[in-house]
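Q: I have a structure I would like to understand better, so I am pasting it below and will then ask my questions one at a time.
All of the numbers you see were taken from the coordinates with simple rules; none came from a lab. Just so it is clear, the structure is predicted and the values come from calculations on it, not from any experiment. Cβ placement follows ideal geometry from the backbone for every residue including glycine, while neighbour counts extend to all protein chains displayed.
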2 protein chains.
Amino acid sequence: MDLRRLRYFVAVAEERSFNRAARRLHMAQPPLSTQIKQLEKELGVRLFERSSRGVRLTEAGELLLEEAQRIFVQLDQTVSIVRRVGHGEVGRLTLGFVPSASNEALPTILRAFRDRFPEVELFLREMRPDRIVQRLHDGQIDAGFLYLPLEDASLNVECVSREALVLALPETHSLASEPEVELRALADEPFILPARYQRMPGLYGQVTETCRRAGFVPDAVQKDVWLMQTIVGLVAAGIGVALVPASVRNLRRTGVVYRPVRGLSPTVELGVIWRREDTGAVLSSFLQVVREESRDRSASAREELC
Amino acid sequence: MDLRRLRYFVAVAEERSFNRAARRLHMAQPPLSTQIKQLEKELGVRLFERSSRGVRLTEAGELLLEEAQRIFVQLDQTVSIVRRVGHGEVGRLTLGFVPSASNEALPTILRAFRDRFPEVELFLREMRPDRIVQRLHDGQIDAGFLYLPLEDASLNVECVSREALVLALPETHSLASEPEVELRALADEPFILPARYQRMPGLYGQVTETCRRAGFVPDAVQKDVWLMQTIVGLVAAGIGVALVPASVRNLRRTGVVYRPVRGLSPTVELGVIWRREDTGAVLSSFLQVVREESRDRSASAREELC
DNA sequence: CAGTAGATATATCTTTCAGGTATACTACCG
DNA sequence: CGGTAGTATACCTGAAAGATATATCTACTG
C-alpha cells in the first residue's frame, strides 16, 4: 500500500474528476488514471464508476475516502509532533539543583526556558550535590546545578555563573562599618562553614581555599551547614562569620551585613552538568537557553563593574 | 511522507538493528541506511542513536514508532474493510417485495444470503408492485420482488421462480372432488381476481390470460384483492373461485381445496428487479445468491415433476 | 597491541517505475 | 454529424530505489 496512490485517490475522489485532480496534483491526467487503476487492482476493488462525464465513487470508494482522510490527518499530526519532540519543543525535563542555585541563576533560566519552550514539562528537585551526580547517573534527572569544580569523566560540565564570595558579618561586628574587609583580619574569628560532600569541594572548597590564600585556616565553629539561610541565621545570631555567594544577599536577613573581601575578590562558580552521552533534544534546548542566559548574566555583571 | 520509509523505520526500530531489519525486509543493508537517513532529513529529526553495536531510538524515534504502528494498524484495517465492502461482504441492502413473495421464494433466498454474507444488514419492506418500481427509481430500495412481466428499460429483470397457478375452490364445490379441473368448466363461476396496477399485468394479467386461453372472460365477483390470504378467505366463504400461485397452499386455510388446471398448466413468474446502472457490490452478491437459489429451486421443481 | 568480527556509512551502478506526451475511445450536445 | 469533454492506452524518459563493493568505526580477543 503506497501513500502516493492513496493521496491521488483522495484527490480524484474529492474532485470527482481525474482531470481536475491531476491539475490539483500538478501532474498529467494519464499517469493519474494508471495509478488509480493500480490501486484498484491492488485492493481488488473498484473504487470509481467511470463515465464519459466524470467519475462517481463506489460504496467501497466512499469508505476508503473517509478512512484515507483520517489517516492523512493522523499522519500529519504525527509528523508535526515528532518534529517538535525532535527539536526539543515538546517533552519533559527533570532538573536537580542545590538550594543556593534557586537564589539567582536558576529562576531566570527557568523563566526564559518556559517562555521559549512552553510545551516542555519541567520537574524540579532540590537535592544535595552528591545526589545530583548520583541521580544523573541513574537517569532520574536530566541535568543538575551545583557549585564547581566537579570531576566526572562521564558528565559534561559548564559554568553557568561566576559569583563573588562576600563576607557575612553580624551587623554588630567591629568590621561591619568598613566598606571592604581584609580577610586576614578574620583569621581568628569563628567561621561557619558550608557542608562538604565526598570528592566534591564545591562551595566548601572555595571558602577554605580563599582562606588558605589569605594565609590562614578557618576556625570552624560550625561545620556542614547545608542551607545558606541557616548560615546567615547563625551569622545574625553572632555565632560567627562566613563567606557566602553574593546572591545570598537576596535573602535580606536583618542583623547581617555583607562586605566584599579586599584584594582577593574570591568567586564561586555555579555549573550545569549532564550526562555526556545524553543527546536528548529537550536537554539540548535547555542547555542552549542556559548558555544564552549565562552570557546575558556575565554581560550585565560586567556592566555592573563599570 | 512516504510509507515505504515509514515501514523501513518501523522495521529498524523494532529490530534495533539495520542488519536484522534489512534481512526482515528482504533487502540489503546499505539502501536501508540511506532510506532512514532520508527520512530523518525529511523530518529534520534524528530518529536513531547509531553506535558500533546497534542502534537506539531517540525520544522522537520512540514516539514515531508508536504512532507509525498505530497508523499501519489503521491502514490494514481500512484495506481489509474496503476489500470486504468492495466484494459485497459488508454493507446494507434494502428489498421491496409483494407479500406473496414471502410465501416460498424469498425466505429461502434470504436464509441463504444471510448465511453467506452475515455482515450485510438487510432491510425488508413489503409493498405494492408499483411502489417497488417507484422506490427503486428513487433509490429507497436496492432490489424488488414482484410478478412478471415488467416493462422498464432502466430496470433489470430476472425470473426467480416459475410457479404453477392452481385453482382455489371451496371444499363444498361440486368440482372439489376431481383431481384436476378443466378451467373451461368454471366459465360461469364467479371469480375473485387479484389487484391490478397501472401498466403492470403481473398476477392479474396471468389469471385473465389463462382464462382467455381457456376461452372465456372471468366473471369478477370481487376485483383488486391485494392479499392472497384475502382471496383464499373469500374462496373459503364460498364467494367464488380463484386462480392462485401454488405456493399459496402454504397458507393451509381450511375450507379451500387447490386443484391443478387440466391441459393449460398455467404458470406465473416471480421476478427480481434492480436498477440497471446499480453496480453495488452488495447487490451483486445478493443477485448471485438469488440466481443460485433460483437454479436450486427449478431443479427441485423438475424432480417433483418426475 | 594487532587483528578480527560485527556494526553502520559511502560510492557507484543497475533497474524499476512514476510521470510526460501523443493518441484513442466514448458519450453527450449543439 | 462533428465538436467537446471526459477517461484509457501506448510509449518514452528520467529520477530514485536497491544491489554490490568498499570504507569506517569499535569492541573484543589472542
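Q: Has segment B:54-75 got at least one residue that is charged (D, E, K, R), touching a residue at least 24 places away in the same chain (Cβ under 8 Å) and touching a Ser or Thr at 6+ places or on another chain (Cβ under 8 Å)?
A: No, every residue in segment B:54-75 fails to be charged (D, E, K, R), touching a residue at least 24 places away in the same chain (Cβ under 8 Å) and touching a Ser or Thr at 6+ places or on another chain (Cβ under 8 Å).
Q: For segment A:229-252, check the following and say yes or no: at least one residue is farther than 30 Å from residue A:142 by Cα, touching a Leu at 6+ places or on another chain (Cβ under 8 Å) and assigned to a helix (DSSP H, G or I).
A: Yes, there is a match, as at least one residue in segment A:229-252 is farther than 30 Å from residue A:142 by Cα, touching a Leu at 6+ places or on another chain (Cβ under 8 Å) and assigned to a helix (DSSP H, G or I).
Q: Taking the stated definitions as given, is residue B:17 within 44 Å of the chain's Cα centre (by Cα) and among the hydroxyl-bearing types (Ser, Thr, Tyr)?
A: Considered against the rule, which asks whether it is within 44 Å of the chain's Cα centre (by Cα) and among the hydroxyl-bearing types (Ser, Thr, Tyr), residue B:17 comes out as no.
Q: Separate question: Out of A:106, A:25, I need the residue that is surrounded by 14 or more Cβ atoms within 10 Å (Cβ to Cβ), within 16 Å of DNA strand C (Cβ to nearest atom) and of a type outside the set (Gly, Ala, Ser). Which one?
A: A:25
Q: Just to be sure before I move on: is residue B:112 small (Gly, Ala, Ser), out of contact with any Pro (no Cβ under 8 Å at 6 or more places or on another chain), crowded, with 22+ Cβ neighbours inside 10 Å and more than 12 Å from every other protein chain (Cβ to nearest Cβ) in the structure I sent?
A: no
Q: Here's a follow-up. Being outside any strand (DSSP E or B) and either within 14 Å of residue B:12 (Cα to Cα) or within 16 Å of DNA strand D (Cβ to nearest atom) (or both) is the filter here; which residues of segment B:47-62 pass it?
A: B:47, B:52, B:53, B:58, B:61, B:62 - these are the residues of segment B:47-62 that are outside any strand (DSSP E or B) and either within 14 Å of residue B:12 (Cα to Cα) or within 16 Å of DNA strand D (Cβ to nearest atom) (or both).
Q: While we're on this one: Looking at segment A:2-18, which of the residues that are surrounded by fewer than 15 Cβ atoms within 10 Å (Cβ to Cβ) and away from chain B (no Cβ under 14 Å) is nearest to DNA strand D (Cβ to nearest atom)?
A: Of everything passing the filter in segment A:2-18, A:16 is nearest to DNA strand D (Cβ to nearest atom).
Rundown of residues vs (1) more than 10 Å from DNA strand C (Cβ to nearest atom); (2) of a type outside the set (Lys, Arg), yes/no style:
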| site | (1), (2) |
| --- | --- |
| B:4 | yes, no |
| B:37 | no, no |
| B:62 | yes, yes |
| B:67 | yes, yes |
| B:78 | yes, yes |
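Q: If the Cβ limit is 7 Å and pairs must be 6+ apart or interchain, which residue in segment A:248-264 that is under 15 Å from residue A:173 (Cβ atoms) pairs with which residue that is among the basic types (Lys, Arg) and not in a strand (DSSP E or B)?
A: A:258/A:249
Q: Okay, next question. Out of the residues in segment B:45-87 meeting the condition of being basic (Lys, Arg) and closer than 24 Å to residue B:120 by Cβ, tell me which one is farthest from the other protein chains (Cβ to nearest Cβ).
A: Here the answer is B:84.
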